[in-house]
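Visitor: My structure is below; once you've seen it, I'll send some questions.
The values are calculated or read from the model by the stated rules, or taken from the named source; none is laboratory data. Everything numeric here is computed off the predicted structure, so don't read it as measured data. As a convention, Cβ positions derive from the backbone with ideal geometry for all residues, glycine included, and neighbour counts pool all protein chains shown. Accessible surface areas use protein heavy atoms only, side chains included; no ligands, DNA or RNA. Shrake-Rupley method; radii C 1.70, N 1.55, O 1.52, S 1.80 Å.
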Protein chains: 2
Amino acid sequence: MFTFISVLALSALPSCLSIWPIPRSLDSANQVLKLSNSFDITVNITDAPQDLLDAVSRTKNSIQTDQLGRLVLGRGASDSDALVTAETFPGLILVLEESAPAAQPIATEAVAALGTRDESYSLSVPSDGSAGVMSANTTLGLLRGLSTFEQLWYTYNGTIYTTYAPMTIINDSPAYVYRGFMLDTARNFFPVSDIKRTLDTMYLVKINTLHLHITDAQSWPIQLPDFPELAQAGAYSVSQSFTLDDIQDVTTYAAERGIDVLMEIDTPGHTSIIGASHPDYVACYIGNWQIFASEPPSGQLRLADPAVMNFTAEVLSAVAKTLPSTMFSTGGDEVNTACYAADEPTQKMLNETGMTLFDALDEFTAVTHGALHDLGKTTVVWEEMVLEFNVTTLRNDTIVMVWISSDDAAAVVQQGYRIVHAPSNYFYLDCGGGEFYGNDPTGNSWCDPFKTWQEAYTFDPLANITSDQVHLVLGGEQLLWTEQSGPQNLDPITWPRAAVSAEIFWTGETLPDGFDRVGNISDALLRLHDVRYRMVQRGVNAINLQPEWCALRPHFCDL
Amino acid sequence: MFTFISVLALSALPSCLSIWPIPRSLDSANQVLKLSNSFDITVNITDAPQDLLDAVSRTKNSIQTDQLGRLVLGRGASDSDALVTAETFPGLILVLEESAPAAQPIATEAVAALGTRDESYSLSVPSDGSAGVMSANTTLGLLRGLSTFEQLWYTYNGTIYTTYAPMTIINDSPAYVYRGFMLDTARNFFPVSDIKRTLDTMYLVKINTLHLHITDAQSWPIQLPDFPELAQAGAYSVSQSFTLDDIQDVTTYAAERGIDVLMEIDTPGHTSIIGASHPDYVACYIGNWQIFASEPPSGQLRLADPAVMNFTAEVLSAVAKTLPSTMFSTGGDEVNTACYAADEPTQKMLNETGMTLFDALDEFTAVTHGALHDLGKTTVVWEEMVLEFNVTTLRNDTIVMVWISSDDAAAVVQQGYRIVHAPSNYFYLDCGGGEFYGNDPTGNSWCDPFKTWQEAYTFDPLANITSDQVHLVLGGEQLLWTEQSGPQNLDPITWPRAAVSAEIFWTGETLPDGFDRVGNISDALLRLHDVRYRMVQRGVNAINLQPEWCALRPHFCDL
C-alpha cells in the first residue's frame, strides 16, 4: 500500500538519481542498500513465458557484471562507511496484477499493434531488508521495469549497492507509443552481431522500435529465395547480406527485448540497385545523379509500369510475410520527377494511359500498399508521399515519418495522418560529418551542424499540434544514415545520443517531480552520463559527452 | 641498374595504384604478380639490429593476414584469370647502401634530432620471377620502405598478389621531416593498448611523431615517483594513469616503429589539476572559468613565484629525463591574463619585484626551458608564446606549433622560428561535434565545421612562406583533443583522416607522375579508401568515407 505519509517520507527526485529514461512516476530517497550475496529475482507468475525468464536472467547477469562505479569523485569510495551499516536487499519478486490477463511471451506483446501494448509497470525497492516487488499487467511491462531496476545498481570494491532506496514507482508508462531508432544497412552494411548489440542498448533505454532501412540505391542486402537475383547483383557480397533466417534471428532477438522491427524497403526512389538485376524496371539507372537523384547512384523504379508495380508488390510481400510486426514501410522519400520526365519508357506509358506521374504514383502506391494490407500490415511512408505528392490512395491509418523538418509535422497531422517524428534538424545522427563526395574540398554536411544531445533533447513533439491532434503523434526516433558510417563507428555515433529521443518519448514533458523536463537539461546530463558509462561497461563504445572531470562534478561544466 | 629504357617500359602512375602516402618517386606497371608460398624477406645486413628483424617479421605477418580484397567490383574476382598465369614473386632482399654507415637500431634513428634522420629508401619489385630489393642508408629508411611494400598486396581466394608490377621506387624520401599526430590523454584517458594500436597505424602511413599532450587542466595521468601527489590527486584513477614504465613502453614501441614521441606538459595554463595537490601553486583554481579559462576548470600556475618556476622545472625534468626524444613541449597556449590580474599572490609578487606579467612569463620560460635544455632537449611551444606574449627568452631553435589559424604561420616564421603546422581550421579532428557544456542546447563546436579529409588535404604548408623561409617549415600534424572523445571513438574519429597530413608532409606538392597532388584529390580518395580498408583488416575501426558502392567505383561519387 502506498500512503500519503509514505510519500512525504520520501524526498523529491534526488539530483543524483540516474535512470534513463526517467520514470514518469517516481519517489525515492537516498539511503544506501546493499544487494544480498544471495540476491535473486523470483517470477511469481503461472506459466511464465520463457522469454520473461530469459530477460530475468539477463538482468541478474547485468547487475553482477556492470561493475559501474558511481559517477562521483572517488567513484563510490565515499560510500564505504555507509555500506558497513547498510541494510541488505534480498531479492525482487515479479508478479502480474491480479486483473491481468494470462501471461503472454514478451515477444508476442512487443509486436502487437501500436496503441494496443501495455508497457506500464510498478516497482518498490524497500530499504528495510524486505524484498522488492515489481508488478505489471503484461510481461512487456515487467521487461520495462527490469530495464529500470538494472540501472539502480553500482559497484564499489566488490559490493553491489544502490543509493536510491527506498524507491517507489507506480504505473510508470510511456508518454508515446513509438520510441525508435533507425539504422540504414544499405549505404554500408552492418552484420547481425552489430544489430544485436544495438538492440541490447535500445532495450536498456526502453526504445521499442528498430526501424530497419534495409535497402537503398547502393545495395540490396537481403537474400530472397523468390528473387535471388536482387542480392546476387545488389549485395556488396554474400557475407554483407542478410538471409531471411538472419532477419528472423534479428526480429526474434528484438521482440524478446521488447522491440518491434519496422522494416523499410524504400520505393519507388532509392532503388537504383534493383537495376543491377532488373535493368528494365529502373529509370535513369546510374545516370547523372546530380540531376536525377539526391546522391549517387541515380535510378528509380518505373512506377507507371504495371509489371514493375506487381514485381514491387511481390518483393515487399516476400519480406513482409516473414515478419511479425504489424507495420511495414515502403519509404517514398526523394522521388525525383526529373528522372521520370527524362525516361522514355515512363513517358510512353503515361502517354498511352493518359495518366499523370502523380496518377501513376497513386496507382503504384495502391498496388504495393494493397499487397501489404492483404498481409495485415499497416503501411508507413516518408512525408513526401503526403506533402509533396499528395498520394490519394494512402489508407487513413498510414503512419507518416516526418524527416525534412520538424516544421512539417503539423501539416501532416492536419491531413489526419498519424506521425512519427524523425526530423533531420533534431534527430539525424549523421549530420555534421561533412559531405562524402570525393572531389569536394569544402563540402559541409547538408544538415549541418552536428545534432548534439542537448539540441535533440529540446525537441518538442507537440509544437504546432492542437490538443485534438495529439493522439496522432505516435512518437519519434533518431536515425543513422550510413554514407559515412559502418560497424566501425556505429556505437560512438549512435550512443548515448540516440537515447535522447527515448526519454523525450517515454518521459514526456514533465519530470516525476513535476518540473519541466527540457528546463532541467543540465540535470538530464547527469543521468545521460550515467547510462553512457553503463553502456561502456557493457561493451558498447558509447562516446564521451564531456571530459571525465566534468562527468564526476555535476554542473561544474555548465555555462 | 635503372636505365632510361626501363623507365619508358613502365607506364605512368596507374590510377588504381594504392599506396598512402604515395611515394615521391615511383614507376610501376599493372602486371599481376603472385606472392610465392615460400615468400620470405631476407635481411642482408651485417649485425642487423633486432628491431629491424622484428619489423621484417611484422611485415611478413601483415602481408599474410591483411587479406584485403582489391577495391574493385568483385573484390578481385576479375583477377582470377591473370592469377593463373602470373609470375611468382619469391622474396625481398633488404640491404644497406654500400656507402651507408653501420646499421643502427631503428629505435635509435627514429629519435635522432629532426633534420638528421635519413628516411629514404629504394625498392624494386621485378615481375620476371626474380627477388625484389630494398635498399637504404639507414634502418629507418628500410622501415619506411617496408610500410610501402606492405601496401602492395591483396588477397583473392587465398592467393596473395599485387597488380602493380613491375615497380621501381628510387630514393623515396619525405618532403618534410615532421609528420605527426597529437593525442590528448588528459580530457579523457587512453590506455597504453589504444596508443599502441594508434602507433601501428601511424607506422603504416609513415607518420613519424606522436605528440602526446599528456596533461591538462582536467587530469594528471602520469605517476611520477618524485611527485606522487600529482597523479594521486590528479589522475582520474590509478588505472587511468601512466607509470614511467608505461611511458617507456610507449616510447620504445613507437621508436621501433620509426616514431618519435614528443611529450607535452602544458604550462603555465591548462594546469588547474596541479591545484588538487599544490593549491598554493595555482591561481584561480576552479574559479569562474568563463572569465579565467577557455574551458572548465580554471587554474594556472602562479608563474611569477620562483618556487613555482622551480617546481615546474623539476616536474618537466622528471618526465623529460626518462625520454629518448630530443624534443619536449612546454605548451604555453591560452594563458589567461584575467586570471593573473585577479590573483592576489601573483599581483603581490609582481608589485614586489616590479615585473610585468610578461616579464614574469619570460622568467618562467627561461627557468623551465633552461632545465630542459640542460637535459639536451629542444623546446617546443604553442604559437601564443611568440605571437601573443612575445616571450624574449625563447631559444632560437625553439619549435613553434601553429594552431589558432593557418594564417598565423607566416608571422611565426617571420620571427625566425621553426614551425609545425597544427592549424585548427584544417587539422583539428574534434571540430564539428558540438559544444560539451551541459546546459547549452544550441552550442556548436567553436571550430565548426567538421574538418573533412578533403578539406585537410588541400592544406598548403607553404602558403605565405617565402622561399628563404621554407627551411623553417618542419612539417605538420593532425590533432585529437578529447573533450568529447575517448577510447570508444579513438579509431573512427582519427582514421583515416589523420593519414591526410601524412601524405601532405611526405609526398609534398607533387605526385610522382609530376602532377599536382591537391589537384588530383579525387584520385587521392581511391588510395585513401584502400589504406582505410587495410586499417579495418588490421582491427582498426577506421571510419567509412563513402558508401561502399562508391568505394568500389572510382569517381562515380564525385561531384
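Visitor: Quick one: in segment A:122-146, which of the residues that are under 17 Å from A:PRO324 (Cβ atoms) and of a type in the set (Val, Ile, Thr) is most open to solvent (accessible area, probe 1.4 Å)? Explain how you work it out, then say what you get.
Guide: Residues of segment A:122-146 under 17 Å from A:PRO324 (Cβ atoms): A:138-140, A:143.
Going one step further and asking which of them are of a type in the set (Val, Ile, Thr), we end up with A:138-139.
Working: A:THR138: 19, A:THR139: 1 Å².
For segment A:122-146, the residue satisfying everything is A:THR138.
Visitor: If a residue must be of a type outside the set (Val, Ile, Thr) and either without any contact (Cβ under 8 Å) to a residue 24 or more places away in the chain or open to solvent by less than 30 Å² (accessible area, probe 1.4 Å) (or both), how many such residues does segment B:95-106 contain?
Guide: Total meeting the criteria: 3.
Visitor: To continue, here is another question. Of all residues in segment B:448-489, count the ones that are more than 7 Å from every other protein chain (Cβ to nearest Cβ), assigned to a loop (DSSP other than H, G, I, E, B) and of a type in the set (S, T, N, Q).
Guide: Of the residues in that region, 3 qualify.
Visitor: Among the residues of segment A:237-257, which ones are without any contact (Cβ under 8 Å) to a residue 12 or more places away in the chain and more than 12 Å from every other protein chain (Cβ to nearest Cβ)?
Guide: Answer for segment A:237-257, where residues must be without any contact (Cβ under 8 Å) to a residue 12 or more places away in the chain and more than 12 Å from every other protein chain (Cβ to nearest Cβ): just A:ASP245.
Visitor: Only residues that are in a loop (DSSP other than H, G, I, E, B) and either among the aromatic types (Phe, Trp, Tyr) or surrounded by fewer than 23 Cβ atoms within 10 Å (Cβ to Cβ) (or both): list them for segment B:524-544, please. Outline the logic, then answer.
Guide: Here is the first cut: in segment B:524-544, the ones in a loop (DSSP other than H, G, I, E, B) are B:538-544.
Passing the criteria: B:ARG538, B:GLY539, B:VAL540.
Visitor: Still on this structure, please answer the following. Given the conditions (1) among the aromatic types (Phe, Trp, Tyr); (2) open to solvent by 10 Å² or more (accessible area, probe 1.4 Å); (3) more than 10 Å from chain A (Cβ to nearest Cβ), report the number of the one that B:TRP506 does not fulfil.
Guide: (2)
Visitor: May I ask you to list the residues in segment A:188-211 that are open to solvent by 10 Å² or more (accessible area, probe 1.4 Å) and either of a type in the set (Ser, Thr, Tyr) or more than 19 Å from A:PRO496 (Cα to Cα) (or both)? Break it down into steps so the answer makes sense when it comes.
Guide: Taking segment A:188-211 as the starting set, the residues that turn out to be open to solvent by 10 Å² or more (accessible area, probe 1.4 Å) are A:189, A:191-194, A:196-197, A:200, A:203.
Scanning segment A:188-211 gives A:PHE189, A:PRO191, A:VAL192, A:SER193, A:TYR203.
Visitor: Quick one: A:ASP430 ticks every box in (1) open to solvent by 40 Å² or more (accessible area, probe 1.4 Å); (2) within 14 Å of chain B (Cβ to nearest Cβ); (3) in a loop (DSSP other than H, G, I, E, B) bar one, so which box is it?
Guide: (1)
Visitor: Also: Give me a count of the residues in segment A:109-121 that are surrounded by 16 or more Cβ atoms within 10 Å (Cβ to Cβ) and either more than 23 Å from the chain's Cα centre (by Cα) or among the β-branched types (Val, Ile, Thr) (or both). Let's see the steps before the verdict.
Guide: Of the residues in segment A:109-121, the ones surrounded by 16 or more Cβ atoms within 10 Å (Cβ to Cβ) are A:109-112, A:114, A:117-121.
Remaining after also requiring either more than 23 Å from the chain's Cα centre (by Cα) or among the β-branched types (Val, Ile, Thr) (or both): A:111.
Count: 1.
Visitor: Against the definition (open to solvent by 20 Å² or more (accessible area, probe 1.4 Å) and over 15 Å from B:THR322 (Cβ atoms)), how does B:GLN240 come out, yes or no? Before the answer, list the steps.
Guide: Values: open to solvent by 20 Å² or more (accessible area, probe 1.4 Å): yes; over 15 Å from B:THR322 (Cβ atoms): yes.
Criteria met by B:GLN240.
Visitor: Of the conditions (1) surrounded by fewer than 24 Cβ atoms within 10 Å (Cβ to Cβ); (2) touching a residue at least 24 places away in the same chain (Cβ under 8 Å); (3) not in a loop (DSSP other than H, G, I, E, B), A:LEU262 fails just one. Which one is it?
Guide: All conditions pass for A:LEU262, except number (1).
Visitor: I've got another one for you. Say we look at segment B:244-253 and pick out the residues that are open to solvent by less than 50 Å² (accessible area, probe 1.4 Å) and out of contact with any strand residue (DSSP E or B) (no Cβ under 8 Å at 6 or more places or on another chain); which of these is nearest to B:ASP200 (Cα to Cα)? Steps first, answer last, please.
Guide: So the first thing to find is which residues in segment B:244-253 are open to solvent by less than 50 Å² (accessible area, probe 1.4 Å), and the list is B:244, B:246-247, B:250-251, B:253.
Then drop every residue that is not out of contact with any strand residue (DSSP E or B) (no Cβ under 8 Å at 6 or more places or on another chain), which leaves B:246, B:253.
Values: B:ASP246: 17, B:TYR253: 9 Å.
In this case the residue turns out to be B:TYR253.
Visitor: Moving to a separate point now. When only residues in segment B:358-404 that are among the polar types (S, T, N, Q) and open to solvent by less than 10 Å² (accessible area, probe 1.4 Å) count, which is farthest from B:ARG418 (Cα to Cα)?
Guide: Our first condition is that a residue be among the polar types (S, T, N, Q); within segment B:358-404, this holds for B:365, B:368, B:378-379, B:390, B:392-393, B:396, B:398.
Right, trim to open to solvent by less than 10 Å² (accessible area, probe 1.4 Å) and you get B:365, B:368, B:379, B:398.
Numbers: B:THR365: 18, B:THR368: 20, B:THR379: 11, B:THR398: 7 Å.
In this case the residue turns out to be B:THR368.
Visitor: Just a yes or no: is a residue in segment A:319-333 part of a loop (DSSP other than H, G, I, E, B), within 22 Å of A:ILE222 (Cα to Cα), at pLDDT 95 or above and of a type in the set (Asp, Glu)? Reasoning before the result, please.
Guide: Filtering segment A:319-333 down to residues part of a loop (DSSP other than H, G, I, E, B) leaves A:321-326, A:332-333.
Add one more test, that the residue is within 22 Å of A:ILE222 (Cα to Cα), and what stays is A:321-326, A:332-333.
Next, only the ones that are at pLDDT 95 or above stay: A:321-326, A:332-333.
Those still in the list that are of a type in the set (Asp, Glu) too: A:333.
Within segment A:319-333 (the criterion being part of a loop (DSSP other than H, G, I, E, B), within 22 Å of A:ILE222 (Cα to Cα), at pLDDT 95 or above and of a type in the set (Asp, Glu)), the answer is yes, since at least one residue qualifies.
Visitor: A further question on this structure: Given the structure, is B:THR346 in a helix (DSSP H, G or I), surrounded by 19 or more Cβ atoms within 10 Å (Cβ to Cβ) and touching a Lys or Arg at 6+ places or on another chain (Cβ under 8 Å)? Steps first, answer last, please.
Guide: On the way: in a helix (DSSP H, G or I): yes; surrounded by 19 or more Cβ atoms within 10 Å (Cβ to Cβ): yes; touching a Lys or Arg at 6+ places or on another chain (Cβ under 8 Å): yes.
Against the criterion (in a helix (DSSP H, G or I), surrounded by 19 or more Cβ atoms within 10 Å (Cβ to Cβ) and touching a Lys or Arg at 6+ places or on another chain (Cβ under 8 Å)), B:THR346 qualifies.
Visitor: Inside segment A:319-330, can you point out the residues that are open to solvent by less than 10 Å² (accessible area, probe 1.4 Å) and either in contact with a helix residue (DSSP H, G or I) (Cβ under 9 Å, 6 or more places away or on another chain) or not assigned by TED's automatic domain parsing to the domain that holds A:HIS373 (or both)?
Guide: Let us first name the residues in segment A:319-330 that are open to solvent by less than 10 Å² (accessible area, probe 1.4 Å), namely A:319-320, A:325, A:327-330.
Matches in segment A:319-330: A:VAL319, A:ALA320, A:SER325, A:PHE328, A:THR330.
Visitor: Another question, then. So, of the residues in segment B:275-292 that are in contact (Cβ under 8 Å) with a residue 24 or more places away in the chain and open to solvent by less than 10 Å² (accessible area, probe 1.4 Å), which turns out to be farthest from the chain's Cα centre (by Cα)?
Guide: Going through the qualifying residues, I end up with B:ALA283.
Visitor: For segment B:227-236, name all the residues that are of a type outside the set (Phe, Trp, Tyr) and without any contact (Cβ under 8 Å) to a residue 60 or more places away in the chain. Don't jump to the end; show me each part of the working.
Guide: Narrowing segment B:227-236 to residues of a type outside the set (Phe, Trp, Tyr): B:228-235.
The answer is B:PRO228, B:GLU229, B:ALA231, B:GLN232, B:ALA233, B:GLY234, B:ALA235.
Visitor: If you go through segment A:466-496, how many residues are open to solvent by 10 Å² or more (accessible area, probe 1.4 Å), in contact with a helix residue (DSSP H, G or I) (Cβ under 6 Å, 6 or more places away or on another chain) and under 30 Å from A:THR116 (Cβ atoms)?
Guide: Total meeting the criteria: 2.
Visitor: To continue, here is another question. Would you check if A:ALA235 is of a type outside the set (Ser, Thr, Tyr), touching a Pro at 6+ places or on another chain (Cβ under 7 Å) and farther than 16 Å from A:GLU264 by Cβ? Steps first, answer last, please.
Guide: On the way: of a type outside the set (Ser, Thr, Tyr): yes; touching a Pro at 6+ places or on another chain (Cβ under 7 Å): yes; farther than 16 Å from A:GLU264 by Cβ: yes.
Yes; evaluated as a whole, the condition is true for this residue.
Visitor: What is the one condition in (1) within 17 Å of B:THR198 (Cα to Cα); (2) more than 9 Å from every other protein chain (Cβ to nearest Cβ); (3) not hydroxyl-bearing (Ser, Thr, Tyr) that B:ILE543 does not satisfy?
Guide: For B:ILE543, the failing item is (2).
Visitor: How many residues are open to solvent by less than 30 Å² (accessible area, probe 1.4 Å) and part of a helix (DSSP H, G or I) when one looks only at segment B:22-52?
Guide: 2
Visitor: Under 9 Å by Cβ, and 6 or more places apart or on different chains, what pairs join a residue from segment A:354-377 that is more than 28 Å from A:LEU323 (Cα to Cα) with one that is outside any loop (DSSP other than H, G, I, E, B) and β-branched (Val, Ile, Thr)?
Guide: Final answer for the pair search is A:LEU357/A:THR337; A:LEU357/A:THR346; A:ASP359/A:THR353; A:ALA360/A:THR346; A:ALA360/A:THR353.
Visitor: Sticking with this structure for a sec: Among the residues that make up segment B:409-418, is at least one of them within 22 Å of the chain's Cα centre (by Cα), crowded, with 23+ Cβ neighbours inside 10 Å and in a loop (DSSP other than H, G, I, E, B)?
Guide: no
Visitor: Could we say that A:TRP549 is facing another protein chain (nearest Cβ under 9 Å), assigned to a helix (DSSP H, G or I) and of a type outside the set (A, V, I, L, M) here? Break it down into steps so the answer makes sense when it comes.
Guide: Numbers: facing another protein chain (nearest Cβ under 9 Å): yes; assigned to a helix (DSSP H, G or I): yes; of a type outside the set (A, V, I, L, M): yes.
Answer is yes for this residue.
Visitor: List the strands (runs of 3 or more DSSP E) that sit entirely inside segment A:154-226 and contain at least 1 residues that are under 30 Å from A:VAL84 (Cβ atoms) and either within 14 Å of chain B (Cβ to nearest Cβ) or touching a residue at least 24 places away in the same chain (Cβ under 8 Å) (or both).
Guide: On the way: elements: A:154-156, A:159-172, A:178-184, A:209-213.
Passing ranges, in order: A:154-156, A:159-172.
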